[in-house]
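The values are calculated or read from the model by the stated rules, or taken from the named source; none is laboratory data. It should be emphasised that the depicted structure is a prediction, and the values quoted were computed from it without experimental measurement. Every residue, glycine as well, gets a Cβ built from its backbone with ideal geometry; the counts of neighbours run over all protein chains shown. Side chains are part of the model used for accessible areas, which takes the heavy atoms of the whole protein and leaves out ligands, DNA and RNA. Shrake-Rupley method; radii C 1.70, N 1.55, O 1.52, S 1.80 Å.
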Amino acid sequence: MIAAVALALGSLFAGFAHAGTVVWTGDFDYYSSPNDLNLWSWSSEVGEYQYYIHGSENVTSYIAFDPSYKNPGIAGETNGLKLTIDPTSTWNSAFWRTELIPQTTANLGVGQMYYHFSLMHNTVNTPNTSYEHQVLFFESHFTEMKIGISPNASQLSWCVQSTPQLEFAWTPGTWYNFAYDINFTAGTVGLWGSTGSSPLTRLAANVAASTSTNSEDWHVGVLAFDVGTYKEDWYISGVYIESGTLTTSLLSGGLTVGGSPVGGTGSSSTTSTTSTGITSTSTTSSSTKATTTTTSTTTSKASTTTTVSSTTSSASGATQSEWGQIGSVSAPG
Ligand SMILES: *[C@@H]1O[C@H](CO)[C@@H](O)[C@H](O)[C@H]1NC(C)=O
Ligand SMILES: *[C@@H]1O[C@H](CO)[C@@H](O)[C@H](O)[C@H]1NC(C)=O
Ligand SMILES: *[C@@H]1O[C@H](CO)[C@@H](O)[C@H](O)[C@H]1NC(C)=O
Ligand SMILES: *[C@@H]1O[C@H](CO)[C@@H](O)[C@H](O)[C@H]1NC(C)=O
């Protein structure tokens, strides 16, 4: 049901690429080396990111910038980020975590905002889906990405209030582009996305959420429940926050706070038949609130597999899946 609605909206909005206003940019070209992140401190809040959630090793153990670490579909950025977590990367807990936090005096939690990012992993130092990972999350977990959770630990899940809404095949080497669509006035969040260089289309209509941020609690990084002696590499690029109207195309120009994002090659289409290449499975139902109950309900959750192709958007292969309510797993900030 939800998925069908999302597809209808996607067709309506796919052709628009009007640019909003950049309120904060997290592009990694800003830094000449990872060591520059250490210039930031609570008493000297400089740069684009706060860097304090990390392990005890040198920053170069956790953070690297390189052109090969970005989505090549984003022309307006030179470097992407390779973010590493490993057994040394614990901070205030046993969780493995390396996280960057926006450094800005701007209010990132008012009106209509779009939180943009692109995410990739590879077969080398691949994230271990045996464990829950909280990815690009807000402190309160009103929205985030996760792997390693029900209903399918191998997939990338978009969650609202810790409850999975959509799952994506989490294919190594594939760039997943997303924008959290957050209406802080209405208290709702939705999701836009694509793969590769394709423009974003709406994947999920906005749903109610406890949207809030103190403008320094969006964790650009990963908190993981891993146990072991290996490490994991995560690739992130195209990070910025936009107010007003969503830019659906990937960037072809640099970002200036207060300016408009310059859209990429996918932006000119005014048709509604845009290929996103992204496949998602909806797991939403009428009861979307996470609870801490451990009752393993067998409530049937309607789930529809949707595939967006280059010529048509059709809901196909409707499947039923059943899964118990997940326990809400929260971690200290
Ligand atoms: C971290 O490593 C870099 C590169 O090897 C080096 O320049 C820097 O001094 C190191 N920083 C610390 C705090 O050891
Ligand atoms: C992932 O975790 C599982 C469970 O602990 C473990 O058996 C497996 O070896 C891990 N994978 C890697 C690549 O370390
Ligand atoms: C879980 O997701 C993976 C990746 O999309 C897929 O290959 C696998 O078939 C899924 N497993 C189940 C039980 O649906
Ligand atoms: C955000 O919510 C407010 C209040 O419901 C509404 O007036 C506004 O149109 C919404 N903005 C968007 C972009 O949907």
Residue list for region 156-177, filter: outside any strand (DSSP E or B) and either more than 25 Å from Lys70 (Cα to Cα) or more than 16 Å from ligand 2 (Cβ to nearest atom) (or both): Gln161, Ser162, Ala169, Thr171, Gly173, Thr174, Trp175
Residues that are within 16 Å of ligand 4 (Cβ to nearest atom) and at positive phi, drawn from region 216-261: Gly244
Selected residue (criterion: nearest to ligand 1 (Cβ to nearest atom)) from residues of region 53-81 that are open to solvent by 50 Å² or more (accessible area, probe 1.4 Å) and closer than 18 Å to Gly238 by Cα: Asp66
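Every residue, every condition in (1) charged (D, E, K, R); (2) open to solvent by 10 Å² or more (accessible area, probe 1.4 Å); (3) farther than 18 Å from Ser237 by Cβ, yes or no:
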| position | (1), (2), (3) |
| --- | --- |
| Asp86 | yes, yes, yes |
| Asn107 | no, yes, yes |
| Asn128 | no, yes, yes |
| Glu139 | yes, yes, yes |
| Gln155 | no, yes, yes |
| Asp181 | yes, no, yes |
| Thr185 | no, yes, yes |
| Ser197 | no, yes, no |
Do you know which of the residues in region 78-122 that are of a type in the set (Phe, Trp, Tyr) and part of a strand (DSSP E or B) is nearest to Asp27 (Cα to Cα)? Phe117
Please give the number of the condition Gln103 fails out of (1) closer than 30 Å to Gly187 by Cβ; (2) open to solvent by less than 50 Å² (accessible area, probe 1.4 Å); (3) within 16 Å of ligand 1 (Cβ to nearest atom). (3)
Checking the structure you have, find out if any residue of region 178-192 is more than 16 Å from ligand 2 (Cβ to nearest atom), farther than 28 Å from Val110 by Cβ and aromatic (Phe, Trp, Tyr). no
Between a residue in region 134-148 that is of a type in the set (Gly, Ala, Ser) and any residue that is not in a strand (DSSP E or B), which pairs come within a Cβ distance under 6 Å, given they are 6 or more apart or on different chains? Gly148/Thr129; Gly148/Tyr131; Gly148/Glu132
